[in-house]
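What follows is a short report on a single structure.
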Amino acid sequence: MLTIRRLGGLALLIGFAQVVFGAIVRITGSGLGCGDHWPDCFGSFTPTHSGPTLLVEISHRYGAAALSLAIIALVVVAWLRRTEPGVGGPGGVLRPSLLSILLVVIAALFGAVTVKMELNPFVVVTHLAIAMSLLAALVVVVVRAGGLGAGTVPARYERTFRSATAAAGLTFLALVFGAFTANTAGAAISCQGFPWCRAITVGGAPLYIQIVHRIIALLLLGHLIGITIGVRKRAEARAIRKAAWTALGIVILQIFVAAAMVEMHLPLALRSLHQAVGTALWISVVTLAALAAGTRGLTDIEQIVYESPSRGKFATPEGVAT
């Protein structure tokens with residue numbers, strides 16, 4: 001299981017870097033750095049001529065190849081060990097591993113469509129949504145393999161799982177509307193000022209897209225505050241509390257980055273940072289949901305202690321008295 005956890009962690013790290021670098025491709029206008037050629041770049045995978053946009057675009061494609069290889073290795077190892085406990089069957093790592101390889105293939109195909117359709121906003125946003133789904137699948141692999149503190153979570157926390165799932169839905173919507181804001185003409189500059197619009201430069205759909213994006217972000221902030229207070233009051237496992245605090249901290253950071261980005265008139269560095277922090281937020285919220293889902297069952301004695309009304313006085317932070 002350690003090998004699967006490490007491969008899953010490696011794939012997740014590469015996937016995070018790939019999403020962030022994809023934003024840099026968009027922000028620097030490098031999406032057509034290889035023209036409309038795919039998967040090669042002007043007829044070659046190692047083009048001799050160079051240019052800033054070409055180098056950025058082809059580096060992004062090399063990253064996609066590295067991610068694909070890491071996921072293939074993950075699936076091969078999981079398949080070979082599918083009879084071991086925690087690998088095959090419901091709740092095992094094999095199913096999300098297989099889902100991740102399917103998603104990486106779909107993401108690659110949408111990458112080709114994005115290039116061929118010359119960066120159509122709907123295709124670009126769909127490409128991002130697929131990439132985020134891939135990261136979520138890899139997070140589930142790592143958690144089910146015992147990573148990210150999953151080994152210390154004694155059971156499923158139903159209330160937290162439902163709340164974290166709702167937070168994941170809000171985060172996904174915020175990412176999608178953020179992508180539409182970045183890729184719809186006039187949307188990024190339509191609302192001058194933060195958190196409210198001191199000046200409106202573009203009306204109609206572009207303005208509505210950005211306003212909805214902001215509203216969802218603020219709803220997510222409030223929801224994560226509620227989750228963090230709840231898991232602390234219920235004295236849930238340390239890994240759950242840590243994941244909740246991490247998600248809350250990242251969403252607060254994201255709001256500050258967004259405010260600075262708007263007030264400073266969308267500098268490239270802050271736009272890239274905004275995408276990176278948003279991706280980190282998605283990973284943290286999905287991690288919280290995956291941890292709350294539980295990765296192992298309790299023995300009968302542990303279950304009695306865990307459900308005891310008096311456990312708050314005598315239990316460890318993980319919910320089981322020692």
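Zone of Phe256 (label point 7 Å along Cα→Cβ, backbone N under 12 Å): which residues in segment 218-241? Counting backbone N atoms under 12 Å from the label point, the list is empty. Dipole orientation for segment 149-239: of the candidates Leu221, Pro206, Phe161, Phe161 has the Cα lying most toward the positive pole (charges on Cβ; Lys, Arg +1; Asp, Glu -1). Along segment 132-148 the Karplus relation, 6.51 cos²θ - 1.76 cosθ + 1.60 evaluated at θ = phi - 60°, assigns HN-Hα couplings of 5, 5, 4, 4, 4, 4, 5, 4, 4, 4, 4, 5, 5, 8, x, x, 6 Hz to successive residues, with x for each Gly and Pro.
Calculated on the Cα set of segment 130-240, radius of gyration then Dmax: 17.8, 53 Å. Calculate the translational D of segment 205-259 in whole µm² s⁻¹ from Stokes-Einstein, where the hydrodynamic radius comes from the Kirkwood formula applied to all Cα pairs, the temperature is 25 °C and the viscosity 0.890 mPa s. Estimated via Stokes-Einstein, D reaches 201 µm²/s. Peptide packing for 253-261, 209-217 was compared via the average number of neighbouring C-beta atoms within 10 Å per residue; ordered from the highest value, the list is 209-217, 253-261.
The protection proxy used here, the mean number of other Cβ atoms lying within 10 Å of each residue, ranks peptides 71-77, 60-66 as follows, highest first: 71-77, 60-66.
Ellipsoid fit via the Cα gyration tensor, segment 104-195: semi-axes of 32, 20, 9 Å, each the root of five times an eigenvalue, largest first.
Coordinate-derived values only; no laboratory data. Keep in mind the model is a prediction, meaning the values are calculated, not measured. Every residue, glycine among them, receives a Cβ derived from its backbone with ideal geometry; neighbour counts consider all protein chains shown.
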